[in-house]
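Enquirer: One structure follows; several queries about it will come next.
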Amino acid sequence: MESKKEFFLECYKLGIIKFGRFTLKSGIESPFYVDLRPLASDPKILKNLANYLLEMLPLDNFDLICGVPYAALPMATAMSLESYIPLIIKRKEAKSYGTKKLIEGIYQKGQNCLLVEDVITSGKSLVETISEVEQEDIKVSDIVVVLDREQGGKQLLESKGYRVHTLFNISEVCDILQENGELTENEVKRIHDFLQGNHIEFEDKARASYEQKLKNVQHSVSKKLLEIALAKKSNLIASADVTTTQELLALAEKVGPHIVALKTHIDIISDFEYEKTIIPLKELSAKHQFLLMEDRKFADIGNTQELQFKSGVFKITDWADFVTSQVIGGFESLDCFNNVGVVAIVGMSSKGTLTTSSYREEALKITLSHPNVIGGVSQSSIPEEILLFTPGVNLADSGDGKGQQYNTPEYVFKTLHSDFIIVGRGIYKSNNPEEAAISYKNEGWNAYIKSLKIIATHN
Ligand code: 5BU
């Protein structure tokens with residue numbers, strides 16, 4: 001098997017820990033959130049996990065294995081399959097009919113059972129589970145836990161005489177992630193402060209308003225975007241990921257009055273003709289007062305980007321008000337976009353993206369210093385002197401089954417201090433795109449207004 005650290009990083013890729021601001025069941029706000037259920041969906045990882053857990057244990061001691069429902073059930077099952085120790089199943093609640101049994105499976109009184117738990121925090125729910133198992137005259141001496149949040153649970157159980165074996169704890173996990181560029185030193189320090197019960201400040205300082213930003217921005221496209229936002233009371237950019245000219249123009253006509261910009265992927269239009277596609281689109285943008293954002297995501301050397309921008313059938317330079325570009329080609333690769341605004345891709349919304357915190361840090365340096373850049377696309381906050389555009393917004397879904405991960409408007413304005421939300425399928429796939437655009441516009445605007453009012457800090 002690979003090293004424990006490599007194994008953890010494999011697990012981390014499945015999205016089991018998130019950093020930010022989360023309200024726990026107890027009402028306490030935490031700078032990180034753990035959910036190990038995704039581990040069960042990767043058979044190789046689950047099998048390896050079972051073996052890592054088994055390796056730590058005095059296996060001869062146990063007659064039975066039992067997982068604490070629900071997250072640990074597949075883990076306990078995998079451990080049973082790997083070790084041939086029989087599995088029993090504990091119900092969350094006793095059946096209200098029939099046998100009213102709390103424990104299912106074959107066991108005898110007096111047998112010793114290993115309890116398996118995914119995450120231990122205060123340990124209170126484990127104490128309850130243990131007492132329920134013990135009420136069935138099954139002995140519990142050892143508990144094995146995948147991740148210890150280091151918030152007193154291990155000590156509580158040990159004080160009651162149980163042995164607690166933990167595979168990972170949050171401190172070592174933070175160290176691994178820092179080493180790997182996923183967390184900064186400051187972020188790790190905050191997590192340690194939180195774990196030690198110290199007061200930590202969540203950045204809830206009031207954000208800059210569009211009026212304030214309008215005074216500070218230099219680029220004419222930034223100014224236009226902010227002016228339209230204020231005039232329409234909208235921070236919505238509709239992503240028109242449709243594939244025919246007719247659909248594109250119909251969508252622009254319907255949502256035009258409610259948006260600040262229409263985002264295109266012009267190369268997915270199958271019947272593209274400059275005259276028939278772009279000319280009427282330009283007319284609609286003038287009629288309904290929205291800008292055109294071509295989401296080309298340039299990612300080449302300057303010379304090639306310039307050709308892609310100015311030549312070919314699309315001639316983006318002639319009609320787009322602003323474009324998206326990766327910054328992977330370096331500072332000078334952005335020089336060619338000098339008649340439009342550039343939105344730099346700092347962080348992506350898709351699962352497993354390679355835009356780690358160290359990449360984002362470097363990308364931001366270019367983003368902040370290049371005069372053509374008006375803002376960035378990111379899923380984390382960026383300095384307020386530029387505009388933040390956030391895709392991956394949907395009111396109904398949390399993902400699309402293809403790696404997209406969605407947030408709500410409330411989250412992106414309050415936590416990330418976004419300036420503009422980008423909504424694709426939430427609008428163009430809706431039965432009534434105009435109504436959907438109006439509701440995203442209102443949700444977005446209300447979330448923005450609310451985010452202006454947050455001044456208090458939290459404990
Ligand atoms: P959706 O249908 O709302 O998921 O569409 C989102 C749009 O934003 C789509 O056109 C993507 O190409 C674009 N996008 C994104 O979703 N996430 C990113 O990180 C970047 C762009 Br960069």
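Enquirer: Below 10 angstrom from the Cβ of Asp318, what's the summed charge of the other residues (Lys, Arg +1; Asp, Glu -1)?
Expert: +3
Enquirer: Here's a follow-up. Output wanted: per-residue J couplings in Hz (rounded whole) for the stretch 273-288, from phi through Karplus 6.51 cos²θ - 1.76 cosθ + 1.60, θ = phi - 60°, x for Gly and Pro.
Expert: 9, 3, 5, 8, 9, 6, 4, x, 5, 4, 4, 5, 5, 6, 4, 9
Enquirer: Under a Cβ-only charge scheme (Lys and Arg +1, Asp and Glu -1), can you give me the dipole magnitude of the stretch 1-86 about the Cα centre, in debye to the nearest 20? Could the numbers behind the result be given before it?
Expert: Working: 9 positive and 10 negative charges, 88 e Å.
Dipole of the stretch 1-86, to the nearest 20 debye: 420 debye.
Enquirer: What translational diffusion coefficient, to the nearest whole µm²/s, does the chain have by Stokes-Einstein, given a Kirkwood radius computed over alpha-carbon pairs, a temperature of 10 °C and 1.306 mPa s viscosity?
Expert: The estimated diffusion coefficient comes to 64 µm²/s.
Enquirer: Also, quick follow-up: Just flag the trypsin sites (Lys or Arg not before Pro) in the stretch 85-184 sitting in loop per DSSP whose Cβ has no more than 15 other Cβ atoms within 10 Å. Intermediate values should be presented prior to the final figure.
Expert: Details: sites: Lys90, Arg91, Lys92, Lys95, Lys100, Lys101, Lys109, Lys124, Lys139, Arg149, Lys154, Lys160, Arg163; in loops: Arg91, Lys92, Lys95, Lys100, Lys101, Lys109, Arg149, Lys160.
In loop regions of the stretch 85-184 (DSSP not H, G, I, E or B), the sparsely surrounded trypsin sites (Lys or Arg not before Pro) are Arg91, Lys92, Lys95, Lys100, Lys101, Lys109, Lys160.
Enquirer: While we're here: Leu307 to Ser125: FRET efficiency via 1/(1 + (r/R0)^6), r the Cβ-Cβ distance, R0 51 Å, to the nearest 0.05?
Expert: Approximately 0.25, to the nearest 0.05.
Enquirer: Enumerate by residue number the chymotrypsin sites (Phe, Trp or Tyr not before Pro) in the stretch 74-143 meeting two conditions: DSSP loop (anything except H, G, I, E, B), and at most 15 other Cβ atoms within 10 Å of the site's Cβ. Show your work: numbers first, answer last.
Expert: On the way: sites: Tyr84, Tyr97, Tyr107; in loops: Tyr84, Tyr97, Tyr107.
Within the stretch 74-143, the qualifying chymotrypsin sites (Phe, Trp or Tyr not before Pro) (loop, at most 15 other Cβ atoms within 10 Å) are Tyr84, Tyr97.
Enquirer: Now a separate question. Per residue of the chain, what 222 nm ellipticity follows from adding -39500 (n - 2.57) for every DSSP H run with n ≥ 4, rounded to the nearest 500?
Expert: Roughly -11000 deg cm²/dmol at 222 nm, from the helical runs in the chain.
Enquirer: Can you tell me the dipole magnitude for the chain around its Cα centre, using point charges on the Cβ only (Lys, Arg +1; Asp, Glu -1), in Debye to the nearest 20?
Expert: Dipole magnitude for the chain comes out near 1100 debye.
Enquirer: Here's another thing I want to ask about it. In a shell of Cβ-Cβ distance under 11 Å around Asn61, excluding Asn61 itself, what net charge do Lys and Arg (+1) and Asp and Glu (-1) give?
Expert: On the way: positive: Lys139, Arg163; negative: Asp60, Asp63, Asp142.
The answer is -1.
Enquirer: Also: In the stretch 19-66, which trypsin sites (Lys or Arg not before Pro) fall in coil by DSSP and have 11 or fewer other Cβ atoms within 10 Å?
Expert: Sites meeting the loop and neighbour criteria: Lys25.
Enquirer: Moving to a separate point now. Any idea which of Val127, Leu183, His165 is furthest toward the positive side of the dipole for the stretch 4-201, if Lys and Arg beta-carbons carry +1 and Asp and Glu beta-carbons -1?
Expert: Val127
Enquirer: Could you tell me what percent of the DSSP beta bridges with both partners in the chain are antiparallel, to the nearest 5?
Expert: Details: 9 of 57 bridges.
Around 15 percent of the beta bridges assigned by DSSP in the chain are antiparallel ones.
Enquirer: Given Cα pairs under 8 Å that are at least 6 residues apart, what percent is the relative contact order of the stretch 210-458?
Expert: 19 percent
Enquirer: Let me know the charge dipole size of the stretch 4-201 about its Cα centre in debye, to the nearest 20, where only the beta-carbon of Lys, Arg (+1) and Asp, Glu (-1) is charged.
Expert: Using Cβ point charges on Lys, Arg, Asp and Glu, the stretch 4-201 gives about 660 debye.
Enquirer: Ranked from highest to lowest mean number of other Cβ atoms within 10 Å per residue, what is the order of the peptides 369-377, 235-243, 395-403, 275-283?
Expert: Going from most to least packed, we get 235-243, 369-377, 275-283, 395-403.
Bear in mind these aren't lab numbers, they're just calculated from the coordinates by the rules spelled out. What you see is a predicted model, and the numbers here were worked out from it, not measured in a lab. Don't worry about glycine lacking a Cβ; one is built from the backbone with ideal geometry, like all the others, and counts go over all protein chains shown.
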